[in-house]
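Notes to accompany the following structure.
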6 protein chains.
Amino acid sequence: MRISSGVDGFDDLVDGGLPAGRLYVVCGPPGSGKTTFSSQFVTRGAASGERCLFLSMHETKDDIVEDMSNYEFGFDRAMASDRVTFLDAFSNDGKRFFGLPGDHHDKSNLTNRIVSFVESRDIKRLVVDSTMLLRYFLSDDEDTLIGFLSALKRTDATILLIAEMTDPTSYADEHYLAHGVVFLHNYLEADGMTRGVQVVKMRGTDVDTDIHPVAFDDDGIHVDVSATVTR
Amino acid sequence: MRISSGVDGFDDLVDGGLPAGRLYVVCGPPGSGKTTFSSQFVTRGAASGERCLFLSMHETKDDIVEDMSNYEFGFDRAMASDRVTFLDAFSNDGKRFFGLPGDHHDKSNLTNRIVSFVESRDIKRLVVDSTMLLRYFLSDDEDTLIGFLSALKRTDATILLIAEMTDPTSYADEHYLAHGVVFLHNYLEADGMTRGVQVVKMRGTDVDTDIHPVAFDDDGIHVDVSATVTR
Amino acid sequence: MRISSGVDGFDDLVDGGLPAGRLYVVCGPPGSGKTTFSSQFVTRGAASGERCLFLSMHETKDDIVEDMSNYEFGFDRAMASDRVTFLDAFSNDGKRFFGLPGDHHDKSNLTNRIVSFVESRDIKRLVVDSTMLLRYFLSDDEDTLIGFLSALKRTDATILLIAEMTDPTSYADEHYLAHGVVFLHNYLEADGMTRGVQVVKMRGTDVDTDIHPVAFDDDGIHVDVSATVTR
Amino acid sequence: MRISSGVDGFDDLVDGGLPAGRLYVVCGPPGSGKTTFSSQFVTRGAASGERCLFLSMHETKDDIVEDMSNYEFGFDRAMASDRVTFLDAFSNDGKRFFGLPGDHHDKSNLTNRIVSFVESRDIKRLVVDSTMLLRYFLSDDEDTLIGFLSALKRTDATILLIAEMTDPTSYADEHYLAHGVVFLHNYLEADGMTRGVQVVKMRGTDVDTDIHPVAFDDDGIHVDVSATVTR
Amino acid sequence: MRISSGVDGFDDLVDGGLPAGRLYVVCGPPGSGKTTFSSQFVTRGAASGERCLFLSMHETKDDIVEDMSNYEFGFDRAMASDRVTFLDAFSNDGKRFFGLPGDHHDKSNLTNRIVSFVESRDIKRLVVDSTMLLRYFLSDDEDTLIGFLSALKRTDATILLIAEMTDPTSYADEHYLAHGVVFLHNYLEADGMTRGVQVVKMRGTDVDTDIHPVAFDDDGIHVDVSATVTR
Amino acid sequence: MRISSGVDGFDDLVDGGLPAGRLYVVCGPPGSGKTTFSSQFVTRGAASGERCLFLSMHETKDDIVEDMSNYEFGFDRAMASDRVTFLDAFSNDGKRFFGLPGDHHDKSNLTNRIVSFVESRDIKRLVVDSTMLLRYFLSDDEDTLIGFLSALKRTDATILLIAEMTDPTSYADEHYLAHGVVFLHNYLEADGMTRGVQVVKMRGTDVDTDIHPVAFDDDGIHVDVSATVTR
């Protein structure tokens, strides 16, 4: 089964949609649109009646809603619905999850806590923002990034993992562990920044690996599938 | 709500001003103007009646006032007003804050001390100069850069974090954690140094990511929004 | 004795087939076709009546069967036969092997467990996916990658070791330990990704070291031996 | 207040002289003239009646006087006067300062010992040669380079810190901590070594950041302010 | 005294042969012919009636004989003679030498064991394959690569040390310790792999340091001394 | 006082000779002639009636005499005279010095032992071959390379320190500590190796920093001062 990414034009690059129940890495440098892409993914899920979990390790719910208020794809309505759970690592709820000091801090490890949450609530779409912060919370030897991602892959959720990565030719563990890798380009050229999206890997999918131009308009990220960017 | 950066021309690059209550990184090599940018930011806040805190880990108040006396944007008047608190890590007041040996040294961690100060005094603008020195003071395992910045982001203050960074394509944790990243270029060309400013990231903002020329005149840093620099 | 790789065209590059009973590294960046290559290798073995073991440290059996269902080379039939054992590190059977916490966890080291399995079951083809994860499971000082590969080389199985590697000029221990090294290229060019295969090393074999174009069609990976790719 | 560097032509690059009481880094590869620059700085101070301290961690007084005897700027007379104290880390006096084993070895830390010396003797110019050796002597956790430089910046002395650095685009802690950074270029070109000087940073100063040619004549280093070098 | 390398054409590059009783490093990337070169060296020794020791840390005797059976230089006959001892680290004999767990494991260190063997058996030619694996076996603090090579240099044997090395401009300890360094090139060009041999260093010898083309024909490696390769 | 290097043409690059009593680093890649340069230096000293010490950490006296027998500058006569002491770290005498296990092993540190030897025997020329091995013997915390070189600089001997270094733009501690740095170039060009010598640094000396071609003829290394090499 394939599900829509919620990003206009993107589904055409991956044979109609993302294979459901798998792990995808969305990576790129600061300012490349990783959070916007993920917000559209969650909004689309909520619109389809799916339960979604947005795990943010560095944004408050208010800030991300405000950021997305520049767009009209309906992130605010999705967030206000009962279908989306937003968990901010530093909020009171988040502290219990992420093991920060607080009143009711769950002592079992983060991997187990999140997998249990996903399974017990029947979460269909999960966003994890981001690998850098995940590593921060997973510093325990028993609770590693490889183990965390391996466990999440075994749930039924379709997962977007936001990753910090600046060089499209230098891969990290998560790129090999994921079923798919989407790169958001944002590179400096002589006359400014150029934006693009590229699907580097997508298992079980007839994939278009060209770099396609990306624009930010009122509906969020828009991929122009008819054009390609050459570096 | 957007607030003015205090730097002539810069606000035009970020849709009229910086979204308030957020964290921005100002980075660049030695001599690129990071401290001058931050001084203008504080001066503008003081002129608007906002309470400001300038945390310096390597300059005395006298030195920075003397440095800025080359300009006429009024840093000396702002510093002399009761709206700006300047805290030098090695002064007597600073030692209490930064945990250096001294008479009345607060034992709680630096993150908590600064957050409490910001919240109890209703600080609206905060400058932290700089990440290198911050790491020096945060060497404790309980008191990390990621935790420090995450906590500061939850206050109401608009924060400029001065960061040492020389390569615009190599990012550190703080660039991903910040809501915005401003790069001050200062690179050697065949005929000398070329200066420029570039907004690499600014969440919730329709941003101009071109490199624009920067000049230092009597009013401090001046950004020429009508021209661009090509590398 | 030489055996067929199961990949159309590939055997022509290595003098008719892979020398049996040896260790080969198949490496390349994410999305380059390493798993597909290995699946064809196992399918060919099963079709020839050989016992095969596919050790996956990050895929479930269902996912890999689904991924290969885009092709018609018969991976599903091979996997359904009693000739192929698929061991997923995080399944119940896999946990016993790989030492993950679980009910019946074998305490002897992973190297010994896998060598015993291969020898007692008379495994002829073995796929190990992948070095990154192997390192994760071999973190014990007594149980290293060099020792693991050295022991496996002494069994009668022909082994494909999937390795994460992005730069064809930067080699790791496994490339020197292996009898052969196959590189799957997948590099970004101005107009998209270019795919190719190159045999970098193959002991005891008159080898074609050119880069040949690779296509993915209904029968899986297809190597065009009559053409070469120039970088 | 600005003071002369003692290097012919250099003061013109920094608006007439170095702001007094501050810390400057003089860096460059072996053979670029760092010690000669510093010797001229001390000689000028002595000629103006200022007390000077030259801390050398790898030269004896005799050697440096002999080296400078090729020039006629009067270093020998300055060194013979009572205005200049030369402290060689491995001499008997130096051992007390730098904590090397010896008869009367001061147990307090190096930072405190040097700051006390500078303040009690009213030292106006201080040369520290060099950061590499400073790090060697400061290996104690309580006595770090950042702490050392921060403390020295708070004295009234104008300080030249000689630093080993070969790449003008790769900066270290001391470059950010200093009020100014002077780079002595000495790079290999197709037809030999090319010498130049460049002021990369100088706080509170209208600075000329071009690379200017440097010559060594009888009067020591001479900067040609009317010409520039292009790399 | 000079001895023949056994590689056709190679002796002409080193003034007629290798000075006897010394240590030579043969290095290059995977697939460059290091083992074939060493096999020809041992074969020539055996043909001259010299006792030879081939220490392999990753090949069995059967595998290497099979690999060399593609050539007609007579490696099989040499190995079958009583002049060549082949020691495979993971065989029963090898385990005693290399300290792997087994029945009769010699507790003295590897350096002493090998030096004793070479001296007591009057070994004239020794091949050590390879540095990577040597480091693995020499992990003990008392038994280092520098000590191992220094001790072997004091025996009467002529030694070839196979080293993993991919970049002809990046040297390791063994290149400085050896009396000679031979580089086997095998680099990717636009139209495939190019092979060559280069003598980078050869003490006490009037050496030809050009890169000469290398071919693999029925007699093994053949060096074309009349042609050179330009990179 | 200046002394001759013993290398034909070299003295012309350094104003007639090397300033006596100082430390010089001779560096370059394998095969560049560092040992030959040092052997000529010792031979010249012996011919002038000076006592010389050649500390070798990886060559026997016999091997180095044999290597130099290709030349006619008289190294064998110098070595046979009572003016030159050759100390091989692994010989019986050497073991006492360098602290290797043996009968009469001096327990004081290596720095003290060598300084005492130099001073008590009135050694005028000292060769130390090489930094890599020196680091191996100086592994003790009390006995570091910086301390060793600092102590040797305080003796009356003129010292050549052979250093492994391949990149003329990447410097190590010894290059900054030395009074002079001589680089022997030996780099691969399209048509083979090119040899040259370059004086990168020489304190107290009017130095020629061009790269001059180097040839090896019957008299050893010969520098062509009238020609330069361009890279």
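The values are calculated or read from the model by the stated rules, or taken from the named source; none is laboratory data. Fair warning: this is a prediction, and the values are worked out from it, not measured in the lab. Don't worry about glycine lacking a Cβ; one is built from the backbone with ideal geometry, like all the others, and counts go over all protein chains shown. For the accessible areas, the whole protein counts, side chains as well, though only heavy atoms, and no ligand, DNA or RNA atoms are used. Shrake-Rupley method; radii C 1.70, N 1.55, O 1.52, S 1.80 Å.
Being in contact with a Leu (Cβ under 9 Å, 6 or more places away or on another chain), open to solvent by less than 30 Å² (accessible area, probe 1.4 Å) and on the phi > 0 side of the Ramachandran plot narrows it down to one residue among E:G9, E:G33, E:G21; which is it? Spell out how you get there, then give the answer.
Details: E:G9 fails: in contact with a Leu (Cβ under 9 Å, 6 or more places away or on another chain); E:G21 fails: in contact with a Leu (Cβ under 9 Å, 6 or more places away or on another chain).
So the residue among E:G9, E:G33, E:G21 that is in contact with a Leu (Cβ under 9 Å, 6 or more places away or on another chain), open to solvent by less than 30 Å² (accessible area, probe 1.4 Å) and on the phi > 0 side of the Ramachandran plot is E:G33.
Kindly indicate whether E:R203 is crowded, with 17+ Cβ neighbours inside 10 Å and away from chain F (no Cβ under 13 Å).
Working: crowded, with 17+ Cβ neighbours inside 10 Å: yes; away from chain F (no Cβ under 13 Å): no.
In short, no.
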Q. Conditions: (1) touching a Ser or Thr at 6+ places or on another chain (Cβ under 9 Å); (2) modelled with pLDDT of 95 or more; (3) part of a helix (DSSP H, G or I); (4) of a type outside the set (G, A, S). D:F54 meets all but one. Number of the miss?
A. (3)
Q) Do we have any residue at all in the range D:154-166 that's more than 20 Å from B:T35 (Cβ to Cβ), modelled with pLDDT under 90, more than 8 Å from chain B (Cβ to nearest Cβ) and under 15 Å from the mean Cα position of the chain (by Cα)? A) yes
**Q.** Residue under evaluation B:E72, criteria (1) open to solvent by 30 Å² or more (accessible area, probe 1.4 Å); (2) touching a residue at least 60 places away in the same chain (Cβ under 8 Å); (3) part of a helix (DSSP H, G or I), criterion not met
**A.** (3)
(Q) If I go through the range B:92-148 residue by residue, how many of them are at pLDDT 85 or above, assigned to a loop (DSSP other than H, G, I, E, B) and surrounded by 16 or more Cβ atoms within 10 Å (Cβ to Cβ)? (A) 3
Q: Report whether or not E:R44 is open to solvent by 10 Å² or more (accessible area, probe 1.4 Å), in contact (Cβ under 8 Å) with a residue 12 or more places away in the chain and closer than 13 Å to E:S5 by Cα.
A: yes
Q | Total residues in the range E:206-231, condition open to solvent by 30 Å² or more (accessible area, probe 1.4 Å), of a type outside the set (K, R) and either within 10 Å of chain F (Cβ to nearest Cβ) or under 18 Å from E:F37 (Cβ atoms) (or both) | A | 15
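Kindly check whether there is at least one residue in the range B:57-64 that is part of a loop (DSSP other than H, G, I, E, B), among the hydroxyl-bearing types (S, T, Y), within 11 Å of another protein chain (Cβ to nearest Cβ) and open to solvent by 10 Å² or more (accessible area, probe 1.4 Å).
Taking the range B:57-64 as the starting set, the residues that turn out to be part of a loop (DSSP other than H, G, I, E, B) are B:57-60.
With the extra rule that they be among the hydroxyl-bearing types (S, T, Y), the set shrinks to B:60.
Still in the list and also within 11 Å of another protein chain (Cβ to nearest Cβ): B:60.
With the extra rule that they be open to solvent by 10 Å² or more (accessible area, probe 1.4 Å), the set shrinks to B:60.
Within the range B:57-64, one or more residues are part of a loop (DSSP other than H, G, I, E, B), among the hydroxyl-bearing types (S, T, Y), within 11 Å of another protein chain (Cβ to nearest Cβ) and open to solvent by 10 Å² or more (accessible area, probe 1.4 Å).
Only one of these is part of a helix (DSSP H, G or I) and buried (at least 20 other Cβ atoms within 10 Å of the Cβ): F:Y176, F:Y171. Name it.
Values: F:Y171 fails: part of a helix (DSSP H, G or I).
That would be F:Y176, the only listed residue that is part of a helix (DSSP H, G or I) and buried (at least 20 other Cβ atoms within 10 Å of the Cβ).
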Q | Hits in the range B:75-91 - residues which are more than 10 Å from chain D (Cβ to nearest Cβ) and outside any loop (DSSP other than H, G, I, E, B) | A | B:F75, B:D76, B:R77, B:A78, B:M79, B:A80, B:V84, B:T85, B:F86, B:L87
